[in-house]
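Single-structure report; data block below.
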Amino acid sequence: MKKVLLYVPVVLSLAVLGAHFMRYGNWIGVIGSLLVIALLFVRRPWAARVIQVVLLLGALEWAHTLYELVQIRAAHGQPFMRMAAIIGVVQIVTLLSALLFQTPVLKRVYGLEGRE
């Protein structure tokens, strides 16, 4: 059961990233997010590293989105603190999801033990 719980933030981060891409009509990003979720079933070190890189890039995408939306809202005199807090939390969860592959459980699952 503990192993399954480690996947929850990873899948949620990728699903929210896919929804973000869908919101902007980026279907390549949507399909890519879904493919990365499917990659969770590939129990190989390279698969874990690809997922980690995608999650790190996702965190950067959230940082870029946050910056852009704050600039737009501030320019129009609209409130932006709540939106910034929400996107900031999503960004942190996405970043921390990448770090879950450094836990002993997922290192064992993906054969990352001894590959430092």
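The values are calculated or read from the model by the stated rules, or taken from the named source; none is laboratory data. These figures come from a predicted structure and were not determined experimentally. Positions of Cβ are generated from backbone atoms using ideal geometry, with glycine treated the same way; all protein chains shown enter the neighbour counts.
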Query raised in the report: Quick one: in the range 17-31, which of the residues that are out of contact with any Ser or Thr (no Cβ under 6 Å at 6 or more places or on another chain) and buried (at least 16 other Cβ atoms within 10 Å of the Cβ) is nearest to Trp62 (Cα to Cα)?
Result: His20
Report task. State yes or no: is Ala63 among the aliphatic types (A, V, I, L, M), farther than 18 Å from Gln102 by Cα and in contact (Cβ under 8 Å) with a residue 24 or more places away in the chain? Result -> yes
Report summary line: Going through the range 65-114 in order, the residues found to be among the β-branched types (Val, Ile, Thr) and part of a helix (DSSP H, G or I) are Thr65, Val70, Ile72, Ile86, Ile87, Val89, Val90, Ile92, Val93, Thr94, Val105, Val109
Query raised in the report: Would it be correct to say that Val42 is of a type outside the set (Lys, Arg), touching a Gly at 6+ places or on another chain (Cβ under 6 Å) and without any contact (Cβ under 8 Å) to a residue 24 or more places away in the chain?
Result: no
Report task. Among the candidates Arg73, Arg115, single out the residue that is of a type in the set (D, E, K, R) and either at pLDDT 95 or above or buried (at least 17 other Cβ atoms within 10 Å of the Cβ) (or both). Result -> Arg73
Report task. Report, by residue number, each residue of the range 34-77 that is closer than 17 Å to Ile87 by Cβ and either touching a helix residue (DSSP H, G or I) at 6+ places or on another chain (Cβ under 8 Å) or of a type in the set (Lys, Arg) (or both). Result -> Leu55, Leu56, Gly58, Ala59, Glu61, Trp62, Ala63, Thr65, Leu66, Leu69, Val70, Arg73
Report task. Just give me the residues in the range 33-60 being surrounded by fewer than 16 Cβ atoms within 10 Å (Cβ to Cβ) and part of a helix (DSSP H, G or I), in sequence order. Result -> Leu34, Leu35, Ala38, Pro45, Trp46, Arg49, Val50, Val53, Leu56, Leu57, Leu60
Requested in this report: Search the range 6-25 for residues that are farther than 9 Å from Thr94 by Cβ and touching a residue at least 12 places away in the same chain (Cβ under 8 Å) and pair each with any residue that is among the aromatic types (Phe, Trp, Tyr) and surrounded by 15 or more Cβ atoms within 10 Å (Cβ to Cβ) when their beta-carbon atoms are under 8 Å apart and the residues are at least 6 apart or on different chains.
Outcome: His20/Trp62
